[in-house]
1. Restricting to the stretch 224-244, what's the tally of residues that are within 22 Å of ASP195 (Cα to Cα), in a helix (DSSP H, G or I) and not hydrophobic (A, V, I, L, M, F, W, C)?
2. Looking for whichever is open to solvent by less than 10 Å² (accessible area, probe 1.4 Å) and among the aliphatic types (A, V, I, L, M) here; the options are LEU52, LEU78, LEU14. Which one fits?
3. Looking for whichever is open to solvent by 10 Å² or more (accessible area, probe 1.4 Å) and at positive phi here; the options are ALA381, ALA372, ALA338. Which one fits?
4. Where in the stretch 141-223 are there helices (runs of 4 or more DSSP H), lying wholly inside it, with at least 3 residues that are out of contact with any Gly (no Cβ under 8 Å at 6 or more places or on another chain) and crowded, with 21+ Cβ neighbours inside 10 Å?
5. Go through the stretch 357-391 and give me each residue that's touching a helix residue (DSSP H, G or I) at 6+ places or on another chain (Cβ under 6 Å), outside any strand (DSSP E or B) and within 16 Å of ALA451 (Cβ to Cβ).
6. Tell me, please, whether a residue that is surrounded by fewer than 18 Cβ atoms within 10 Å (Cβ to Cβ) and hydroxyl-bearing (Ser, Thr, Tyr) can be found in the stretch 353-360.
7. Tell me which of these ARG247 doesn't satisfy, since it passes every other one: (1) open to solvent by 50 Å² or more (accessible area, probe 1.4 Å); (2) assigned to a loop (DSSP other than H, G, I, E, B); (3) within 28 Å of SER575 (Cα to Cα); (4) in contact with a Lys or Arg (Cβ under 8 Å, 6 or more places away or on another chain).
8. Among (1) at pLDDT below 85; (2) more than 33 Å from the chain's Cα centre (by Cα), where does ARG410 come up short?
Amino acid sequence: MVVHSAAERVLAGLDPEQRSAVTAPAGPVCILAGAGTGKTRAVTSRIAHRALTGDISARHVLAVTFTARAAAEMRARLSALGVGGVQARTFHAAALRQVRYFAPRLLEGRAMPELLDSKVRVVTLAAAKVGLRADRAAARDLAGEIEWAKSSLIEPGEYVVAAAKALRETPYEPAKVADVFAAYERLKRGNGVIDFEDMLRAAVWGIEEHADVAEQVRGQYRHLVVDEYQDVNPLQQRLLDAWLGGRDDLTVVGDASQTIYSFTGATSSYLVDFPRRYRGATVVRLVRDYRSTPQVVGLANAVISQARGAEARLRLELHGQRPPGPEPDLRIFTDEPAEANAVAARCRSLIDGGTPAREIAVLFRTNAQSEAYEKALTEAAVPYVVQGAERFFERPEVRQAMIALRAATRSIPGETPLPAAVVEGLAAVGWAPDAPPPGGAARERWEALAALVQLAEEYAATPEVVPIGEAVAIERPVTLGDFNEELARRAAQQHVPTVEGVTLASLHSAKGLEWDAVFLVGLAEGTLPTTYAKTPEQVEEERRLLYVGITRAREWLWLSYAAARSPGGRARRPSRFLPQLDRSGGGERAGAGAARRTERRRTQVVSCRICGATLLAGADRKLGRCPTCPSDLDEELYARLHEWRQRVAGAQKVPAYVVFTDATLTALAERKPGRTEELIAIAGIGPRKLGLYGDTVLALVAGAGVDDVCPQKSFEI
């Protein structure tokens, strides 16, 4: 009875679609979960419900995702639901623990190779070996190509053909990249080190080539869950298949409309093809958005509704569940400095109005756009943080802290709680928890190290569950050594901890995050979509990037672009993905007066007054509601308006629609304007018709009869 009531509590508060996902029978389950629809709640509730009803044992569950933050959130939610023992890890963390566990058996006593936390140094050496002088930026680009190839199960000898088929924009001539790739592999082997892709391959090899390892792994992990399934790459899918071993107790969660990492080798094809691969699979669609206001949801739907291609087949139309909020703010500026300064000023006013800086984000397509906003925010005295592992983990104080924490593993007792061990280790670089300096660079350095301590507290919240046999598993606290490995993984995966300040981030690095207020900037052709998007598939991925950016906002959303890159520069057009953005004067540069007019120009998104969805069609905007939303038309008023229009049109000897269209009459009968301002807000009633008919229409709305208001004079114009 206790177990039964606990399982019932898991179901409490779930919406119908979430409940369907949670209670779906054992076997293949595909949860198509739109942004903000509660996918983490659904998937953790499914695990908990199955465990509490006795359908499964929690320790036989392996749940994998792509970030340590998401994995930690899974563990915390499962713990709150009364279920412990589930292994919720990133793909890399799960593979690393398995490889380490089986290393003595697989390596026959040899030491496990050291794991590279970054490819850049070895890639730089490999480039030199083949006659290339690669600076740090070029080495990062080469490392990205190698990661794509290895994640796609492509060997050095296959790279040239594969890159051509994939239309890769390579940093060097493809044959040279292949040479660097081959030299990189030789250097790794010679130095006895492996990278993260090697580690995933080792986990696959251990299972596929060793029956005893496969039996033990599959005996331990009998029920698999994969979050963000649209981001799986071929290497990760092969590891997942190895874990499954032909079984089908698999739950996947994903959203094809958030497929934005194809450049890394990720593909939504596994999500798209899931029902075909697993015949009879249960497919559940989560469409109730609890994150964003209906206004934000409506704009997101409008953007993604134009999508084409394979991912569009699984497109979800979201339904906002929050109370209405402000309309998205669409703005055009004369140039990028003006845009950045306006964004900084608005950030300043939001913070002064009570919005925490950490709840504001400025999102852009490329990292190169960050500099202008860093400068503008600094001048506006707005604290900011640049999202992305490169900027965070390459800060001198963070690098020194990571070195100090690795050294501390030799001097700090292993039983010391992790947060205390991290604080003690950071003392070596002069950091103290109770001594934050005043603002400025010193405060930024202190905050960066404070973020490491907070991360340690989050990481220590869930003990590690270690399988030691078929029916036995033990828990052990995470150690400083575990935390150092976690930091290395985060650096490799560009996953930074939270630091106080307005977030500056690329759209790619913003995925999985959310803020109260979001600025989407630089939305111009050539930037979004980027000029590198040449194929229809690449253009569609750019559209999905904008969709992801929009759905990061909970309440307040700003979208903008600059008509020129610099003052007096060449005119450019707004992004083709922006619905209803005024494109008429984007290139206007004729003097200061024109510049001021361009900055003031703004087009408000019109939302349905019933459901809050964004309205795109002219007739819908005139009515102020979606065509599918219920009409609140006053039929008696409509009849009087219709009769009045007929008399006026007859007197003027013009068709009735010249006076007012049917849509305008319907809008009047539904919206029932009582003042001039409300009357002119209805599309189709401009200054001319307001002068001709305004007073008469207001009188009809107020209850006057047609005979009372029909003028006796001629209506000739």
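1. Number of matching residues: 6.
2. Of LEU52, LEU78, LEU14, the one residue that is open to solvent by less than 10 Å² (accessible area, probe 1.4 Å) and among the aliphatic types (A, V, I, L, M) is LEU78.
3. Checking each option against the conditions leaves just ALA381.
4. Numbers: elements: 159-165, 174-191, 196-209, 211-220.
Where helices (runs of 4 or more DSSP H) fall fully within the stretch 141-223 and carry at least 3 residues being out of contact with any Gly (no Cβ under 8 Å at 6 or more places or on another chain) and crowded, with 21+ Cβ neighbours inside 10 Å, they are 174-191, 196-209.
5. ALA357, PRO383, GLN387, GLY388, ALA389
6. no
7. (3)
8. (1)
The values are calculated or read from the model by the stated rules, or taken from the named source; none is laboratory data. Here the structure is a predicted model, which is why all the values come from computation and not from measurement. Virtual Cβ from ideal backbone geometry, glycine too; neighbours counted across all protein chains shown. Keep in mind that these areas ignore ligands, DNA and RNA; they rest on the heavy atoms of the full protein, side chains included. Shrake-Rupley method; radii C 1.70, N 1.55, O 1.52, S 1.80 Å.
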